[in-house]
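Encoded as C-alpha cells, the structure appears first; notes follow it.
The values are calculated or read from the model by the stated rules, or taken from the named source; none is laboratory data. The shown structure was predicted, so the numbers you read here are calculated from the model rather than taken from an experiment. Reconstructed Cβ throughout: ideal geometry from the backbone, glycine too, with neighbour counts over all protein chains shown.
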Amino acid sequence: MWNSDNHIRSSAMKFSSIALCAAAGTLALPAMAKDPGYVGGIEIIRGDGAAIPPEMAQGTVFLDANRNFKLDGGEQGLQGVIVSNGREVILTDADGKYQLPAYDDMNLFVVKPAEYLTPVSADMVPQFSYVHKAKGSPELRFGGIAATGDLPQAVNFPMVKDPAGSDFRCMAFGDAQPYTNQEVSFVRETVGKMLAHEDMSNVECLIFAGDVMGDDLSLYPRFKNIISVGNTPQYFVGGNHDLDFDAESDQHSFDTFRREWGPEYWAAEIGGVFFIGLDNVRYPCNGVDEHPFCASDRKHTYNGVVSGRQLEWLANLLPHVPQDKLIVLTAHIPFQTFTDNTAAKHQTDNLHELAHLLEGRKVLGLAGHTHTTENIEKGEGYEGWHEHTGLAKAPFDQIITGAVSGSWWAGDFNDQEVPHATQRLGSPRGFYDLAFSGASYKDTFRTFHTTVERQLHAGFNTPRFRKWAEALISYTDLYGTPSEVLPPVTRNDLADPYMLTRADLDGGSWVAVNVWNGSKSSKVSVSIDGADPIMASRTQQGTGEAKKKGVEWADPVALLKQSTQGRITFRSDRGGDETAGFTTWRGDEWQGVAGPFQKWMLTDNSQHLWRADLPADLSAGIHIMEVITVDTHGRKFSVDYTFEVVEEMPQMSWRKHLWE
C-alpha cells in the first residue's frame, strides 16, 4: 500500500545507492528510463471492522490522472486489462472493474498493458500485485509473509500512460547469487557500475532469471538498492537459492521472495512483446516428484518442474495474448540445457506440456541456473533431453543467460578487482542485452569488462596443451580442490600458449574458438596472415548427440584461467583464518596451495566451441591471426591475435648460464 513515509525513506536509500556507485568509480549519474518518477503502490481498501469481507477478489484498474495512486472520483477505469489470481484470468469491464475467485493464499495481479505503466517502488520494483496470505507464513528464518487477514474490500491498480513504442531494449541477468556482503559488493562493481554508466533511455526492463541471492535472503535490500541506480523497472523470477529452505512445503517456499519482489509467476506487456515469468523450482520435491533425489526419505531438495496451477493459469492467459506477439518466457531452471543434459534436476520435467500450450507461437525462453551461456535454437537437441524434458528437440529458441557471478565469484581478481570466475562453458561473466523491434529481437552477450564488439576468445589446442590439461584434470580427480597437495602443473608450466613448435604443428594442433553467444547458425572462420579463411567446425552439432568431453574438446583460454588460483594462498598475520583464501557458497573455504577450480567447473567441454585445424607447414616467425564470427543476425565480430612459430621451445626462464 502507498505510504508517503515509505517513499521518503526509500528515496533516501536510492540516493545512497547512487552515491555508493559513485564512490566505486562512477563518473556520471544514470540516464533516466521511462517515467521512473511514478513511485508508489496499489490501493488497498479494507473494511472498517464491521464490514463483511467480500467473497470475491475485486477492484478497479484505473488511469491515475493525478498520480496519487488512489481511485478518485472522475478517474477513468481501464477496459480490457488482464487481471489474475494466479489461476483464473479475466479482462476488466467497461468501467475497469474485475471480480475473481479468492483464495487464502494467492497473488492478485494485473498484467501491464503495452501502453501503460504500473507504479514502481523507490527501488524500481513494479507494483502490480497484492500478495494475499490470510494466515501468513509459518515460522521462517527470513520472515516470509505476515498475515494479511481478511480479503480487502477492494484492490485497485493504478496506471499511467507510458507508451514504450515497438523498439526498445531489455537486459537479462542470471545468477548474481551473492552469499555474503562481500559478494554483494561484487554485484555493485559489475551490474551496479554498468547500470550507472549505461545510457538507459530505451531500456524498458531488467529481467533477473533467478538466484538473485545466495541463500541469505536478508541481503535482498542491499541488492535492490544497488540495482535501482538503473532507474528501470525490474522483473524477477525465483531460483533455487532464493528459497525459504526451512519451508516444509512448496506452498511456502518462495514466501520471502514474494514479500520482497511480488508474484513468483507473472506477465507484462511492452511494445510487441508479451513477457511471462514462471516458477519452475519445486521445493521440497520430496514425496511429490518421481525422482530418486525427491524420495521422501532423502534430504529436502528441489526439482525443475512447472506446477499444475501455473499450467492452468497459462492456459487461461494465452487466449488473451495476440498470436502475433513475441512471448519471452523466463524461468530459473533451464527448459533444456547442454551443460546438465543428462540431469533431471537441472531441466524442466514437463517442458512437453508447456510447449504444447505455446505451440504455433513465436517464443524466446530465458533461464539461468547453470552458470553458463547457451544459445539454443529451435530444433536443436542433445542426449538426455527426451528422457528428462519429454522433448528430444528444443521447441523454441532458448537462451541461458550466463551468471553475473560466473563460477560463483571464484578465482583471482581481474583488473576491476572482481574475481574473473570464468564460467563452466568458457564464457566470461556477463549478461544479455535484448533489442526488440515489434515481435523480433536481437540478442547480444555483454561482459562487464570488455566492449560489446568483443564476442569471442581463441587459443591453441596443441599436443603440449593436451598433455598439460590431462595432468591438471587428473589432479582434480585424485585430490579435489582446494588441496594441500601441490598440483603437477600450474599456469606457469604451459609457458607461452601463443608460441607453437614444429612438433606442435606436426602432432595436430588447431585453433579453439569460444564464441560466447555462439549458436547453431553462427559461422566461424580463421585467417592467418591475410590468407583465405579456414572455416571452423562446431564441436557440438546439436543433432541429438552426447556431450564431447575431455582435453580434445577443451577451451584452452578458459582452462588456463581456471587452472591456477593464487588467491587460495592468501593469508595475513592480522586476518588469520578469517581473511585467508576466499569462500564460495555457504562459507566453503578455498585455502591451500594455488590450484584449479573444482573439476566440474573446468571447461573441458562447451556448446559454443569451434575448431579450425592449423596448417602443419606454417613458417617459423610471427603470424597474425584474425578470428571472425558471424552470428544468426548477420552481425560480424572479429578479434586479431599474434602468435609465433618456432622450431623448438626455447628456454623461457632467465638464462643464468650466460652469466656464470
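The table below lists the values:
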{"read-out": "Tally of residues being assigned to a helix (DSSP H, G or I) and free of Cβ contacts under 8 Å to residues at least 24 places away in the same chain across the range 444-495", "value": "5"}
{"read-out": "Out of A471, A435, A439, sole residue that is closer than 18 Å to G550 by Cα and hydrophobic (A, V, I, L, M, F, W, C)", "value": "A471"}
{"read-out": "Output for the range 79-101, where each listed residue is buried (at least 18 other Cβ atoms within 10 Å of the Cβ) and within 19 Å of W266 (Cβ to Cβ)", "value": "V81, I82, V83, S84, N85, G86, V89, T92, Y98, L100"}
{"read-out": "Residue in the range 455-463 that is modelled with pLDDT of 95 or more, among the aromatic types (F, W, Y) and surrounded by fewer than 24 Cβ atoms within 10 Å (Cβ to Cβ) present", "value": "yes"}
{"read-out": "Some residue of the range 386-394 being buried (at least 24 other Cβ atoms within 10 Å of the Cβ), more than 25 Å from E204 (Cβ to Cβ) and either acidic (D, E) or out of contact with any Lys or Arg (no Cβ under 7 Å at 6 or more places or on another chain) (or both)", "value": "yes"}
{"read-out": "Residue count for the range 75-91, restricted to those that are part of a loop (DSSP other than H, G, I, E, B) and either modelled with pLDDT under 95 or under 14 Å from A154 (Cα atoms) (or both)", "value": "1"}
{"read-out": "Selection within the range 518-535 - among the small types (G, A, S) and under 20 Å from E453 (Cα atoms)", "value": "G518, S519, S521, S522, S525, S527"}
{"read-out": "All positions within the range 352-397 that are closer than 16 Å to N341 by Cα, touching a Gly at 6+ places or on another chain (Cβ under 9 Å) and either of a type in the set (D, E) or free of Cβ contacts under 8 Å to residues at least 12 places away in the same chain (or both)", "value": "E374, E377, E380, E383, H386"}
{"read-out": "All positions within the range 492-525 that are modelled with pLDDT of 95 or more and of a type in the set (A, V, I, L, M, F, W, C)", "value": "M499, L500, A503, L505, W510, V511, A512, V513, V515, W516, V524"}
{"read-out": "The range 383-410, residues that are part of a loop (DSSP other than H, G, I, E, B) and at negative phi", "value": "E383, L391, A392, K393, A394, P395, F396, A403, V404, S405, S407, A410"}
{"read-out": "Output for the range 405-414, where each listed residue is over 12 Å from the mean Cα position of the chain (by Cα) and under 24 Å from A512 (Cβ atoms)", "value": "S407, A410, G411, D412, N414"}
{"read-out": "Residue count for the range 486-525, restricted to those that are over 30 Å from F396 (Cβ atoms) and hydrophobic (A, V, I, L, M, F, W, C)", "value": "10"}
{"read-out": "Of the criteria (1) polar (S, T, N, Q); (2) assigned to a loop (DSSP other than H, G, I, E, B); (3) crowded, with 22+ Cβ neighbours inside 10 Å, which one N156 fails", "value": "(2)"}
{"read-out": "Test: residue in the range 282-302 that is part of a helix (DSSP H, G or I) and surrounded by 24 or more Cβ atoms within 10 Å (Cβ to Cβ)", "value": "no"}
{"read-out": "Within the range 318-377, strands (runs of 3 or more DSSP E) holding 3 or more residues that are outside the structural domain of F275 (by TED's automatic domain parsing) and of a type outside the set (S, T, N, Q)", "value": "none"}
{"read-out": "Subset of the range 592-633 [polar (S, T, N, Q), closer than 25 Å to P488 by Cβ and either at pLDDT below 95 or buried (at least 23 other Cβ atoms within 10 Å of the Cβ) (or both)]", "value": "T603, S606"}
{"read-out": "Residue ID - nearest to S228 (Cα to Cα), chosen from residues in the range 107-137 that are touching a Leu at 6+ places or on another chain (Cβ under 9 Å), of a type in the set (A, V, I, L, M, F, W, C) and part of a strand (DSSP E or B)", "value": "V131"}
{"read-out": "Criterion (surrounded by fewer than 17 Cβ atoms within 10 Å (Cβ to Cβ) and assigned to a loop (DSSP other than H, G, I, E, B)) met by exactly one of E648, E589, E644", "value": "E648"}
{"read-out": "Residue match in the range 556-571 (condition: of a type in the set (S, T, N, Q), assigned to a loop (DSSP other than H, G, I, E, B) and free of Cβ contacts under 8 Å to residues at least 60 places away in the same chain)", "value": "no"}
{"read-out": "Any hit, the range 173-184, residues being buried (at least 24 other Cβ atoms within 10 Å of the Cβ), of a type in the set (V, I, T) and not in a strand (DSSP E or B)", "value": "no"}
{"read-out": "Tally, over the range 41-67, of residues that are in a loop (DSSP other than H, G, I, E, B) and closer than 22 Å to V160 by Cβ", "value": "6"}
{"read-out": "Meets criteria (in a helix (DSSP H, G or I) and either modelled with pLDDT under 95 or not hydrophobic (A, V, I, L, M, F, W, C) (or both)) for T232", "value": "no"}
